[in-house]
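Enquirer: Supplied in structure tokens, the structure appears directly below.
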Amino acid sequence: MSGLILDKSNKNQHTPPPTMHDVAKVAGVSQMTVSRVMRGSGYISADVLSRVEDAAKSIGYVHNRLAGGMAKYDNPLVGVVVPTLQNRVFTEVLSGISNTLDKNNLRPVFGVSEYSLKREEKIVYDLLSWRPQGLILAGLEHTDGLRRIIEQTGVRTAEIMDVDGPTLSGSFGISQREAGVNMAAHLFSKGYRQFGYIAGLHGSDFRAEKRFNSFKTYILDNGGTITQTRISDKALSMQDGRSLTAEILAQTQAPEAIYYSNDDLAAGGLMHCLANGLSVPNDVALAGFNGLNFLEALPLQITTTKTPRYDIGVEAANWIANKQSNKNELLQHKFDTELIIGQTT
């Protein structure tokens, strides 16, 4: 793995943060009304509540729940927002984060966005009202409102799992695009030319989308074809991988190899093939992503890309905890992946 400083500009040196007075001016209400909204005190009409909240977000104002006597409190909290807790990938990342923060006498506060950028923004807005030491967010894609809030507060923010794009403060992850190219090159080297793709969370899993776009570009640029794709709007399980694999292989233009957005789907595909007497990889090749430990228990080792999930969590948490490092440097920490060539390709 390697670290790279992208920019040493003073991006995070910002103008004074907005105040309640600024919110009141934008919302067209009194400062007392803004204070009541922020404290959740007394009756506030739905219209006024909406105007104040919208005004606060539009200018990047975040209420300080530790104001007054607690203002100088050295808050040990670090806000952590991940897209899901149902994926083994993020449980490993969270273990790295939690263990590292604990060693630095810091405590994580977790939120789950369910792959919704608007929900992520709301969670971050609530977390920042407690003035945490920093934030750890999944991915590089966020709403404009979230970016504005982070810029105004100047909170140190580590973005994890991806380095393919500009960062708010520091990014810690892999090149998703590079992972897609590497898998495409491997499958091409094995002689496959007709490919299928199975994934979930269409339009929400930006990292899987980056991998597939680079995978597809490599395939098409080298004379191959993508004959079948199944990309669902929902999160998919091993069972879905099994049923969608059956659907793809039943088509007239069945692929020679199927690329899955994660190992769970790939494992479901393998179960379909084994249950129906299909020879893998002779009848169809299968490849996944993540390199999860449960693959070792399968009848055949699935070809996959192994990612350093725990290490990513450790390094992101260390950066948040290290107050001596320059907050104004935009850091990109790219981790290496490992192509695990199994028995399915």
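Enquirer: Loop only per DSSP, at most 15 neighbouring Cβ atoms within 10 Å: give me the GluC sites (Glu not before Pro) in region 86-128, ordered by residue number.
Expert: Details: sites: 92, 114, 120, 121; in loops: 114.
Taking region 86-128 and a limit of 15 other Cβ atoms within 10 Å, the loop GluC sites (Glu not before Pro) found are 114.
Enquirer: Under 5 Å between amide H atoms, partner at least 5 residues away or on a different chain: which partners does residue 197 have, H built in plane at 1.01 Å?
Expert: The list, which skips near neighbours in sequence, is 228, 229, 230, 259.
Enquirer: Is there a quick way to get the dipole size of region 115-200? I mean about its Cα centre, with the Cβ of Lys and Arg at +1 and of Asp and Glu at -1; what is the value in debye to the nearest 20?
Expert: Details: 10 positive and 10 negative charges, 32 e Å.
Using Cβ point charges on Lys, Arg, Asp and Glu, region 115-200 gives about 160 debye.
Enquirer: Just name one of 117, 252, 222: the one whose Cα is farthest towards the positive end of the charge dipole of the chain (beta-carbon charges, Lys/Arg +1, Asp/Glu -1).
Expert: The one lying farthest along the dipole's positive direction is 117.
Enquirer: Next question. Looking only at 97, 160, 248, which one moves most when the chain is put into a Gaussian network model with springs between Cα atoms under 10 Å?
Expert: 248
Enquirer: So for the pair residue 54, residue 243, with labels modelled 7 Å out along Cα→Cβ, what separation do we get in nm?
Expert: 4.1
Enquirer: Beyond 20 Å, how much of the Cα-Cα pair distribution for region 123-206 remains, as a whole percent?
Expert: Working: 1687 of 3486 pairs.
Counting every Cα pair in region 123-206, those more than 20 Å apart make up 48 percent.
Enquirer: Using the structure shown, select from 118/210; 122/334; 118/234; 122/234; 57/122; 57/118 the pairs with a Cα to Cα distance greater than 19 angstrom.
Expert: Numbers: 118/210 21 Å; 122/334 28 Å; 118/234 17 Å; 122/234 22 Å; 57/122 10 Å; 57/118 12 Å.
Correct reply: 118/210; 122/334; 122/234.
Enquirer: At a 1.4 Å probe radius, carbon and sulfur cover how many percent of the accessible area of the chain?
Expert: Working: 7620 of 15680 Å².
In the chain, the share of accessible area belonging to carbon and sulfur is 49 percent.
Enquirer: Sequence neighbours fewer than 8 away in the same chain don't count; with that in mind, list the aspartates and glutamates whose C-alpha is under 15 Å from residue 25.
Expert: Here the aspartates and glutamates satisfying the reach criterion relative to residue 25 are 53, 54.
Enquirer: Here's something else I'd like to know. Would you kindly state how much longer the chain becomes between residue 19 and residue 329 on full extension, computed as 0.36 nm times their sequence separation minus their alpha carbon distance, in nm to one decimal? Don't skip to the end; give the middle numbers.
Expert: Numbers: separation 310, 0.36 × 310 = 111.60 nm, distance 2.68 nm.
My answer for the length gained is 108.9 nm.
Enquirer: Local charge sum around residue 28 (other residues, Cβ-Cβ under 14 Å, Lys/Arg +1, Asp/Glu -1)?
Expert: Values: positive: 25, 51; negative: 22, 47, 53, 54.
Summing Lys/Arg as +1 and Asp/Glu as -1 gives -2.
Enquirer: Modelling each spin label as a point 7 Å along the Cα-to-Cβ direction, I'd like the residue 99/residue 340 distance in nm, to one decimal.
Expert: Label-label distance for residue 99 and residue 340, simple model: 1.8 nm.
Enquirer: Follow-up question, since we're still on this one. Counting only heavy atoms of the protein chains, get the accessible area per residue of the chain (1.4 Å probe) and round it to a whole Å² value. It would help to have the intermediate numbers written out before the result.
Expert: Numbers: 15680 Å² over 345 residues.
On a per-residue basis, the chain sits at 45 Å².
Enquirer: Here's a follow-up. Given a Förster distance of 25 Å, report the FRET efficiency between residue 229 and residue 300 from their Cβ-Cβ distance, rounded to the nearest 0.05.
Expert: Numbers: r = 24 Å, r/R0 = 0.95.
Efficiency for this residue pair is about 0.60.
Enquirer: Further question: Translational diffusion coefficient of region 115-169 at 10 °C, 1.306 mPa s, Stokes-Einstein with Kirkwood Rh over Cα pairs, in µm²/s as a whole number. Numbers along the way, then the final one.
Expert: Numbers: Rh = 11.3 Å.
Estimated via Stokes-Einstein, D reaches 140 µm²/s.
Enquirer: Rounded to the nearest 500, what is the 222 nm mean residue ellipticity of the chain from helices alone, with -39500 (n - 2.57) per DSSP H run of 4+ residues and division by all residues? Intermediate results must be reported in sequence, preceding the final value.
Expert: Details: 11 runs with 137 residues, N = 345.
The helix-only estimate for the chain comes to -12500 deg cm²/dmol at 222 nm.
Enquirer: Could you compute the FRET efficiency for residue 107 and residue 43, with r as their C-beta to C-beta distance and R0 at 22 Å, rounded to 0.05?
Expert: On the way: r = 35 Å, r/R0 = 1.59.
Efficiency at R0 = 22 Å is approximately 0.05.
Enquirer: Please list, in chain and number order, the residues 5+ apart from residue 285 or on another chain whose amide H is under 5 Å from its amide H, with Hs placed from the backbone.
Expert: For residue 285, whose amide H was placed from the backbone, the distant partners under 5 Å are 257, 258.
Enquirer: Protein chains only, probe 1.4 Å: how do 242, 211 rank by accessible area, largest first? Kindly include the intermediate steps, with their values, before the conclusion.
Expert: Values: 242 105, 211 15 Å².
Final ranking, largest accessible area leading: 242, 211.
The values are calculated or read from the model by the stated rules, or taken from the named source; none is laboratory data. Since we're looking at a predicted model, the values are computed, not measured. Cβ sites come from the backbone with ideal geometry, for glycine too, and all protein chains shown count toward neighbours. Accessible surface areas use protein heavy atoms only, side chains included; no ligands, DNA or RNA. Shrake-Rupley method; radii C 1.70, N 1.55, O 1.52, S 1.80 Å.
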